[in-house]
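Please read the structure below before turning to the comments.
Every number in this text was worked out from the coordinates using simple rules, so none of it is lab data. Values in this document were obtained by computation on a predicted structure and should not be read as measured data. All Cβ positions, glycine included, derive from the backbone under ideal geometry; neighbour counts span all protein chains shown.
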Amino acid sequence: MARERVPREVLTTEEERLHGEILPVAEAYQVFFKDILQGRSSRNERKKKPKKMLLRFIREIPAIVGSDMKTYGPFEPEDIATLPLENARILIKKGVALEVEVE
């Protein structure tokens with residue numbers, strides 16, 4: 001909380017795990033508090049990144065299990081579907097689908 005660096009070699013395994021879980025929360029709280037003091041709305045009220053992405057498939061693929069443990073597909077070329085962001089990025093990278101931009 002005091003923003004002091006704690007050498008990892010002096011922490012037990014449990015302390016290191018707990019530190020890793022608490023640090024992001026503490027940092028988010030400090031940013032939130034700073035924003036409030038400066039009269040800005042909290043970051044939670046701002047637009048969040050979507051957790052899913054709309055895709056157009058350009059190749060046939062069998063059904064997949066998404067990162068949210070739901071089954072998606074199978075898909076044919078020109079099918080449109082919304083998939084978890086993590087899976088969508090992989091399919092785009094492999095050349096199986098393209099992102100559909102919605103305005």
- Query: When both residues are 6+ apart or on different chains and their Cβ atoms are under 7 Å apart, which pairs have a first residue that lies in the stretch 83-103 and is of a type in the set (D, E, K, R), and a second that is assigned to a loop (DSSP other than H, G, I, E, B)?
  - Reply: GLU86/SER67
- Item | Hits in the stretch 62-79 (condition: under 16 Å from LEU98 (Cα atoms) and loosely packed, with under 10 Cβ neighbours inside 10 Å) | GLU78
- Scan the stretch 5-26 residue by residue and report those that are under 23 Å from the mean Cα position of the chain (by Cα), exposed (fewer than 11 other Cβ atoms within 10 Å of the Cβ) and of a type outside the set (D, E, K, R). PRO24, VAL25
